[in-house]
Amino acid sequence: MSSNLPDDYERILLVKPVVSVYKLPPRGANRGFRAADWKLEYPDWKGRMRIVTLGEKCIIRLEDSNNGKLFGECPIDDWPSVTAVEAVIDSSRYFVLRLVDPKDLSGRHAFIGVGFADRGDSFDFNVAISDHFKWLKQSKEIEKEDQNPKPAVDLSLKAGQTITINLKNTNSGERRGSESKPRTNTGGFTGILPPPPSSLNTRVPPPGVKATSKQDLGPLSRVGGTPMPHDVPAPSPVTFRQEPATDNLLDDDQWGSFSSSTNTSTNQSNWVSFS
């Protein structure tokens, strides 16, 4: 990329088919231009705007929409411009341009107001000029670097020089450390639950039958009476022997002996014999 373009090489940056031109009223002291003072409903001229570049120069041209006759042009030396292009203080669609006669070398100029019908057109106007000057600045910087190249940095290893690289694998170190630590069982939950209690000895009586003991129900069997292969014999019931309570027995020595001729047989029949 080079900014050394021929002076007669013209490049078109932007074309807007319709713009409005206004005569400017006298400017007040210490204040900017206001578009509200321009009688916007009655423009003094309408035509086409073209932004072109001639070499490094950027020029705004106002031309007749029908025959392309030049109405006026505004050369721009830098951006943001201080003298060539000025935005109004009350709108983003109107600008003040400084027109010059390219054939007149006396330096005479005139200021006019220019307006766009849409805000998008005014945005394109700003971007087109700004991009040109950015490109121009970058081109000059590249040319300057080409003319004054920076000294190359020698990064090669000299004779006898070595490089030591320490690779620290954090994950491997943590894994080795965890394996070296013995695992201790604290007696708490180990993560493995015991198996559920077996239900092989459970006996369910058929409907209408009251089970008195586990032996009365018999072994488990499938439908049809076929014993199951994993049947186990039911455990024998445990019987408990009831011993007489000694605390409530009558002490013959304490109460003495009682005898009756009429109630002897009755009292003896009411006694329960424990064995």
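The values are calculated or read from the model by the stated rules, or taken from the named source; none is laboratory data. What you see is a predicted model, and the numbers here were worked out from it, not measured in a lab. Don't worry about glycine lacking a Cβ; one is built from the backbone with ideal geometry, like all the others, and counts go over all protein chains shown. The protein model used for the area step is the full one, side chains on, heavy atoms only, and it has no ligands, DNA or RNA in it. Shrake-Rupley method; radii C 1.70, N 1.55, O 1.52, S 1.80 Å.
Structure above, values below:
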{"read-out": "In nm, spacing of pseudo-spin labels at residue 134 and residue 168 (7 Å Cα→C-beta vector)", "value": "4.4 nm"}
{"read-out": "Distance (nanometres) between label positions extended 7 Å along Cα→Cβ at residue 111 and residue 156", "value": "6.5 nm"}
{"read-out": "Out-of-range pairs (alpha-carbon distance over 22 Å; input 23/57; 57/150; 46/134; 16/137; 57/137)", "value": "23/57; 57/150; 46/134; 16/137"}
{"read-out": "Distance in nm between pseudo-label sites at residue 119 and residue 104 (7 Å out along the Cβ direction from Cα)", "value": "3.7 nm"}
{"read-out": "Protection proxy ranking, peptides 121-131, 100-110, 62-72, average beta carbon neighbours within 10 Å, highest first", "value": "121-131, 62-72, 100-110"}
{"read-out": "Carbon plus sulfur fraction of accessible area for segment 77-174, probe 1.4 Å, in percent", "value": "53 percent"}
{"read-out": "Linear extension gain, residue 45 paired with residue 92, 0.36 nm per residue minus alpha-carbon span", "value": "14.9 nm"}
{"read-out": "Full-extension gain in nm, residue 141 to residue 24, via 0.36 nm per residue minus C-alpha separation", "value": "38.2 nm"}
{"read-out": "Accessible area per residue in Å² at 1.4 Å probe, computed on segment 1-121", "value": "62 Å²"}
